[in-house]
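S.K.: One structure, pasted below without further comment.
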Amino acid sequence: MEIRLDIDVEKINRGFVDLNKASNIAAKNTLNIIAAISRKNYIRKVQDTFVLRNTFTVRQIRYEKTESLDISTMETKVGATEKADYLRLHEESGRRTSKRGSHLAIPQPEARGGSKKRVVSKAHYLRTIRRKTVKGKFTKNFRSRKAQNVARAYVAFTNKYYFKYSDNIFQVTSFAKNKNKIRFRKKHIYNISQKTVFIKQKKSLEPSIDKPVKDAQNIYNGQMKKLLRQKDII
């Protein structure tokens, strides 16, 4: 984003011997201040907009200072690291697909200890569940789909495993048989029905930068006044 600054030459000449150096120092400081404020605004915006279950996302929002005193090469950067590339997807909107090229595994509240604001518990990590999911279709001994699912649920319950049903992964919490009636309870752990999900646009970075950029002239003027009070540095 390009920033234009107006320089009051007469006022500056009262306190400085080297006008260009003073102006470049103030410009460098201005860009760094804008970047720092933009990062702070971006973090606050993300915290207000998204459900953050830990500090990972906030820690990935960073800015790079400029150390150059050459106005033509001064550059600062604000944004998220590649580890938090999902923020870019939210910024631009688009479709998210599985990195494995299969279905997306979307954790349900039960996988998060009953609340979507919590992280997925270690016991419900997908890599753990994959190792503990009932295998086989049970079509040899059970012809009806209902009987097959009951058989899967029984195996899952007795082995403390999980079972898939209708593009979902469940955990069986109880299983009881009374004469010809079988009842079992299950928790919905993952939804695996979708190959892609559409992410709506939620602009957080651009609004975070706008105000500091609009204040660039005031920030620059403030930096020049500081330098005027420190005449000996030039």
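The values are calculated or read from the model by the stated rules, or taken from the named source; none is laboratory data. Predicted model only: the values in this text are computed from it and were never measured. Please note: Cβ atoms are built from the backbone with ideal geometry, for glycine as well, and neighbour counts cover all protein chains shown.
S.K.: Condition first: more than 35 Å from the chain's Cα centre (by Cα) and of a type in the set (Ser, Thr, Tyr). Now tell me which residues in segment 146-168 satisfy that.
M.R.: Tyr154, Thr158
S.K.: So in segment 120-137, with the set limited to residues that are buried (at least 16 other Cβ atoms within 10 Å of the Cβ) and in contact with a helix residue (DSSP H, G or I) (Cβ under 8 Å, 6 or more places away or on another chain), which one is farthest from Lys164 (Cα to Cα)?
M.R.: Looking at the filtered set, the residue picked out is Val120.
S.K.: Considering each residue of segment 201-222, count those that are in contact with a Ser or Thr (Cβ under 6 Å, 6 or more places away or on another chain) and either modelled with pLDDT under 90 or not small (Gly, Ala, Ser) (or both), and give that number.
M.R.: Adding up the residues that qualify gives 6.
S.K.: Among Thr73, Thr66, which is in a loop (DSSP other than H, G, I, E, B) and touching a Leu at 6+ places or on another chain (Cβ under 7 Å)?
M.R.: Result: Thr66 is the single residue among Thr73, Thr66 that is in a loop (DSSP other than H, G, I, E, B) and touching a Leu at 6+ places or on another chain (Cβ under 7 Å).
One line per residue, one yes/no per condition, for (1) in contact with a Lys or Arg (Cβ under 9 Å, 6 or more places away or on another chain); (2) closer than 19 Å to Leu52 by Cβ; (3) hydrophobic (A, V, I, L, M, F, W, C):
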position: Glu91; (1), (2), (3): yes, yes, no
position: Lys99; (1), (2), (3): no, no, no
position: Ile106; (1), (2), (3): no, yes, yes
position: Glu110; (1), (2), (3): yes, no, no
position: Gly113; (1), (2), (3): no, yes, no
position: Arg118; (1), (2), (3): yes, yes, no
position: Arg130; (1), (2), (3): no, no, no
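S.K.: Among (1) within 16 Å of Ile3 (Cα to Cα); (2) of a type outside the set (A, V, I, L, M); (3) touching a strand residue (DSSP E or B) at 6+ places or on another chain (Cβ under 9 Å), which single condition is Arg88 missing?
M.R.: Every listed condition holds for Arg88 apart from (1).
S.K.: Next question. Go through segment 188-215 residue by residue and tally those that are touching a helix residue (DSSP H, G or I) at 6+ places or on another chain (Cβ under 6 Å) and within 20 Å of Arg145 (Cα to Cα).
M.R.: 1
S.K.: Might you let me know whether segment 96-106 holds any residue that is among the aliphatic types (A, V, I, L, M) and over 30 Å from Ser204 (Cα atoms)? Reasoning before the result, please.
M.R.: Start the filter on segment 96-106 by keeping residues that are among the aliphatic types (A, V, I, L, M), which leaves 104-106.
So of that shortlist, the ones also over 30 Å from Ser204 (Cα atoms) come out as none.
No, segment 96-106 has no match at all.
S.K.: If you don't mind, another one. Return only the number of the condition from (1) modelled with pLDDT of 85 or more; (2) part of a loop (DSSP other than H, G, I, E, B) that Gln47 does not satisfy.
M.R.: (2) is the only condition that Gln47 fails.
S.K.: In segment 95-113, what residues are surrounded by 12 or more Cβ atoms within 10 Å (Cβ to Cβ) and in a loop (DSSP other than H, G, I, E, B)?
M.R.: Hits for segment 95-113 are Ser98, His103, Leu104, Ala105, Gln108, Gly113.
S.K.: Against the definition (under 21 Å from the mean Cα position of the chain (by Cα), over 20 Å from Lys181 (Cβ atoms) and assigned to a loop (DSSP other than H, G, I, E, B)), how does Lys116 come out, yes or no? Outline the logic, then answer.
M.R.: Details: under 21 Å from the mean Cα position of the chain (by Cα): yes; over 20 Å from Lys181 (Cβ atoms): yes; assigned to a loop (DSSP other than H, G, I, E, B): yes.
So Lys116 fits the description; yes.
S.K.: Being under 30 Å from the mean Cα position of the chain (by Cα), crowded, with 17+ Cβ neighbours inside 10 Å, closer than 30 Å to Arg4 by Cα and not hydroxyl-bearing (Ser, Thr, Tyr) is the requirement here; does Ile209 meet it?
M.R.: yes
S.K.: Checking Ala111 against (1) small (Gly, Ala, Ser); (2) under 30 Å from Phe56 (Cβ atoms); (3) free of Cβ contacts under 8 Å to residues at least 40 places away in the same chain: exactly one of these is not met. Which one?
M.R.: Of everything listed in (1) small (Gly, Ala, Ser); (2) under 30 Å from Phe56 (Cβ atoms); (3) free of Cβ contacts under 8 Å to residues at least 40 places away in the same chain, Ala111 misses just condition (3).
S.K.: Hey, can you tell me all the residues within segment 53-86 that are over 25 Å from Asn24 (Cα atoms) and loosely packed, with under 13 Cβ neighbours inside 10 Å?
M.R.: Scanning segment 53-86 gives Asn54, Thr55, Phe56, Thr81, Glu82, Lys83, Asp85.
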